[in-house]
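Coordinate-derived values only; no laboratory data. Please read these numbers as outputs of a predicted model, since none were measured by experiment.
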Amino acid sequence: MNYKMDQKFKDFFQDNLKQVFLYLIDDCNLRCVQCLYKLDICFQVEKKEIAFEDAVKLISDFRELGAVKLTLMGGEPTLYGKKDGNKQLLELIKKSKELGYEYVRIDTNGQFDSELLEKPEFKMLDEVTFSIDRTNKRN
Ligand code: SF4
């Protein structure tokens, strides 16, 4: 374990944890009307994202507790490490498979460069889930 966890949490989830949803980043490239995270993505001066090292430690710890399914989400998860060619996101997908996650999914709005689809690490994903919502208001 990388993080000191509350013993009750650990006891409860040991070998019972199956699925983890990991929020990688607050930022998003859309501003949907219905967004639950709007306050976070619109008004933060500094857009926050999880440190790569922390993300790896967390998925390692949750794997030790038994998790086999991992969903990467945000904000918009394809913005994670975008300035470095999505290196962090791609490394995290690869690492999750190395750790033994059987099913790794990304929840995205689909607004990313199609080149990402060609990356070997991105192809390691078991599922890419797109959120499809209206773009205009109903009167
Ligand atoms: S794509 Fe998702 S996170 Fe981004 S603004 Fe829309 S609802 Fe919010």
Please give the contour-minus-distance gain from Lys123 to Lys83: 0.36 nm per residue of separation, less the Cα-Cα distance, rounded to one decimal in nm. 12.4 nm
If you wrap a convex hull around the C-alpha atoms of the chain and split its volume per residue, what is the figure in Å³? 136
Longest principal axis of the chain (C-alpha) makes with the long axis of helix 52-64 (C-alpha) an angle, in degrees to the nearest 10, of 50
Using only Cα atoms, tell me the angle between helix 87-98 and the longest principal axis of the chain; keep it within 0 to 90° and round to the nearest 10. 40
Cross-link partners of Lys18 among lysines (Cα-Cα below 16 Å; sequence separation of 8 or more within a chain): Lys10, Lys69, Lys97
